[in-house]
Amino acid sequence: MSLSNRPVWLIPALTALVAGVAAVVLIILPQLRDSGPVTSGGSSVRTSGEAQIGGAFTLTNHLGETVTDESFRGRPMLIYFGFTYCPDVCPASLQILGAALDQLPEDDAAKFQPLLITVDPERDTPQALADYVSADVFADNLMGLTGTPEQIREAAEAYRVYYARVDANSEFTEYTMDHLSVVFLMDANGEFADIFPHGTAPAAIAARLQRFLEENPVQS
Ligand code: NI
């Protein structure tokens, strides 16, 4: 590249840089402000700079019943977003969650409500979820939740879970779903308590859940 070429790319490069900085200021800063300290009656309600995770949802469970986030008040929830056609990631994650709960004393394990919220409501009907959650390797009380595409979108947005439909070049399936694979631990009031990244070992999850119960006693 000759020196005389420099201004040609330098100007667009600088323009892009300025636009980038402007975008950061316009997009990131208001978000930080939104999740900043909120005061109510003089006491600080939320002081962390982290984005709030969780919120209201209205969905249909694998028995065909309408449930909301409030249906589970009094019980800590273990929430996983996935789908039944998932060939490996979802079943592995749900199996690990089942194994973690198996490591707790039975009455402690029963205090948690594991939930699979589908990101593929088109195929994951209540009946499809019922068949899926009954697998022996999953937690006994695993509940599948589905809904309209809009209800699923709202739930995923509340938990900041990314998902997207991806066309599959396969004779077995028309499409698959790309999605975040994490387990959320929500306390008995539906508030965010912890997050288990994909690949967390069952023993590590079990130890955290045990500690959670010691710090947050739950009625059986
Ligand atoms: Ni999956």
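What accessible area per residue, rounded to a whole number of Å², is obtained for the range 153-201 using a probe radius of 1.4 Å?
Accessible area per residue: 58 Å².
Please report the carbon-and-sulfur percent of the accessible area for the range 111-177; probe 1.4 Å, protein heavy atoms only, DNA, RNA and ligands left out.
50 percent
With the convex hull built on the Cα atoms of the range 163-208, state its orientation-averaged projected area in nm².
Here the figure is 4.9 nm², rounded to one decimal.
Going by accessible area, probe 1.4 Å, with all protein chains left in place, what is the ranking of T176, T118, largest first?
Largest to smallest exposure gives the sequence T176, T118.
Compute the distance in nm between two label points, each set 7 Å from the Cα along the Cα-to-Cβ direction, one at A135 and one at I53.
Using points 7 Å along Cα→Cβ, the separation is 2.3 nm.
Enumerate by residue number the GluC sites (Glu not before Pro) in the range 184-220 meeting two conditions: DSSP loop (anything except H, G, I, E, B), and at most 13 other Cβ atoms within 10 Å of the site's Cβ.
Filter output for the range 184-220: E191.
Give me the distance in nm between label points sitting 7 Å out from Cα along the Cα-to-Cβ direction at V89 and A207, one decimal.
2.7 nm
Largest first, what is the accessible-area ranking of Y132, Y162 with a 1.4 Å probe?
Result, largest first: Y162, Y132.
The values are calculated or read from the model by the stated rules, or taken from the named source; none is laboratory data. Keep in mind it's a predicted model, so treat the numbers as computed, not measured. Using ideal geometry, Cβ is built from the backbone for each residue, glycine included, and neighbour counts are taken over all protein chains shown. Heavy atoms of the whole protein, side chains included, go into the accessibility calculation; ligands, DNA and RNA do not. Shrake-Rupley method; radii C 1.70, N 1.55, O 1.52, S 1.80 Å.
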